[in-house]
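The values are calculated or read from the model by the stated rules, or taken from the named source; none is laboratory data. The structure displayed is predicted, hence computed values, not measured ones. Quick reminder, even Gly has a Cβ in these numbers, built from the backbone with ideal geometry, and neighbours come from all protein chains shown.
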Amino acid sequence: MHWTKKQITIIAIIACTSFMSTFLISSVNIALPSIEKSFSLDAITLSWVVTSFLLATAMFLLPVGRFGDLAGTRKLFKTGVIIFTLSSFLSGIAWSGMWLIAFRYIQGIGTAFTSTTGPAILVSTFLPKYRGRVLGLSVSAVYLGLAFGPFAGGLLTEFFGWRSIFYVATVLGVLISIIGFLFLDKDIQPHKALTKINLKGSFFYMTGLVLLVYGSSKIPAIYGWLMLGSGIVALVFFWLIESRSHMPVLETKLYTQNRLFAFSNLAALINYSATFAIIFLLSLYLQKVKGMSPYEAGTIVIAQPVMMAVFSPVTGRLSDFIQPRYLSTLGMSMCTLGLISFSFLGAATPVWMIVFILLWVGLGFAFFSSPNMNTIMSSVEQSNYGLASGSASTMRVIGQIISMTIATLFFAGMFGGQAIETVPDAVFLKAVKWGFISFSFLSIFGIYFSYNRGKIKRES
């Protein structure tokens, strides 16, 4: 294996941005109780500090993926880093909870630019035989961010306040921006004229996502259900428009005629829907029920992402030799068992058991994620790398939104608009229990799609 200096530099740049975005997600999760006290937020509004970021990312991933294929991925990648850096600084100086939510939304847009173009840049730079390996390294950086985030976020929040998290992200963003503009070359040429892209369906796609997410937070109110239903209708219109478009944002034929691509994306959607809220719920549980400080809670929840970071490169490399569906199915099964175990979480659950389950789920996620991403990128032609990357990232983020929505639904139904710190522990634990039960059922369906996707064809 001989990689050029340019290839190594590209891996480093993509890995750094992958680390940066997930570092902020995981560190903010630990800081949520402090943010709640700082702005006197109720449980539902507090959840939007996380959800607004995810919603914006989901809304822009698919359009950016197609833009990257047509106009050049590297240009959009650099733009995303700048947006993320500026919004990080604004989040740090936010003067109210609503402004923080707004700035987090802008952060999500920047993340969409980097998340969907990063993998596309990698797979176009390396030979197919190295694809699983380099994607594994990129995924490992994602999990390093998740792993370092709770520890650093807890430390920063406890000693310097939650705003310091965003200041650190700003500094990292500035450094990555400089490196990116110095060493990431320009795109050779766009595949087609940007003006030819059909964006008619994008309005329905973005509107549908907003109605779905916001409507879910207002259930069981009647208008919440109406918004939810309207969101589903808007997404159906989006699918119909894209199916008939000559230059679609979403290539629907990849889902209807490519089983390997479709099932791999569905498996990713379900996996993230079932697992993302684990850290969110546990960070609240450890600080509320166990009485831990942000720093102490952070040192516990890092167990899961550490396992992801350590083993993702290994499983990515294995997927270059072993059919990815076997590795991914094993990983999904491990995650399911871990989620079932968390459904028995109680006030007296020993910390060592929580750490063990987190390690188990983290290993399962490592077995699932890198091989699954290898399958998605290997199931399409090079002209669709940006679209496939954007689709995979969209499945991840929509899954994260679904996961947060499920948790928020139980909070809304059981907390009665109260702040989390004022809710009795017994009520809080009941909401957590039903959340993990729901995630367990979801994960079982993921096992089916993961195993029945089919096999990838090896390239030289």
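Details
- Tallying residues that are exposed (fewer than 15 other Cβ atoms within 10 Å of the Cβ) and either outside any helix (DSSP H, G or I) or not β-branched (Val, Ile, Thr) (or both) within segment 342-358 yields 8.
- Residue pairs whose Cβ atoms lie under 6 Å apart, separated by 6 or more positions or on different chains, with the first residue in segment 264-277 and farther than 17 Å from Leu146 by Cα and the second of a type in the set (A, V, I, L, M) and surrounded by 24 or more Cβ atoms within 10 Å (Cβ to Cβ), are Ser264/Ile376; Asn265/Met395; Ala268/Met395; Leu269/Met395.
- For segment 211-223, the candidate set comprises residues that are buried (at least 17 other Cβ atoms within 10 Å of the Cβ) and not hydroxyl-bearing (Ser, Thr, Tyr); within that set, the residue that is farthest from the chain's Cα centre (by Cα) is Ile219.
- So Ala274, is it in a helix (DSSP H, G or I), at pLDDT below 90 and closer than 22 Å to Ser403 by Cβ: no
- Among the residues of segment 33-48, those that are of a type in the set (A, V, I, L, M) and either at positive phi or surrounded by fewer than 24 Cβ atoms within 10 Å (Cβ to Cβ) (or both) comprise Ile35, Leu41, Ile44, Leu46.
- Of all the listed residues (Ser52, Ser21), the sole one being at pLDDT below 80 and under 13 Å from the mean Cα position of the chain (by Cα) is Ser21.
- Candidates Ile30, Ile10 - the one that is part of a helix (DSSP H, G or I), more than 13 Å from Trp162 (Cα to Cα) and in contact with a Ser or Thr (Cβ under 6 Å, 6 or more places away or on another chain): Ile10
- For Phe321, the criteria (1) within 22 Å of Tyr451 (Cβ to Cβ); (2) buried (at least 22 other Cβ atoms within 10 Å of the Cβ); (3) of a type in the set (A, V, I, L, M, F, W, C) hold in every case but one, which is (2).
- Segment 142-165 residues that are within 23 Å of Ile14 (Cβ to Cβ) and outside any helix (DSSP H, G or I), paired with ones that are modelled with pLDDT of 90 or more and of a type in the set (Gly, Ala, Ser) (beta carbon under 9 Å, 6 or more apart): none
- Residues (more than 23 Å from Ala431 (Cβ to Cβ) and assigned to a helix (DSSP H, G or I)) located in segment 286-302: Tyr295, Thr299
- The one condition in (1) at pLDDT 85 or above; (2) among the polar types (S, T, N, Q); (3) farther than 18 Å from Met20 by Cβ that Ser91 fails to fulfil: (3)
- Flag: Phe237 does not match the condition of being touching a residue at least 12 places away in the same chain (Cβ under 8 Å) and buried (at least 24 other Cβ atoms within 10 Å of the Cβ).
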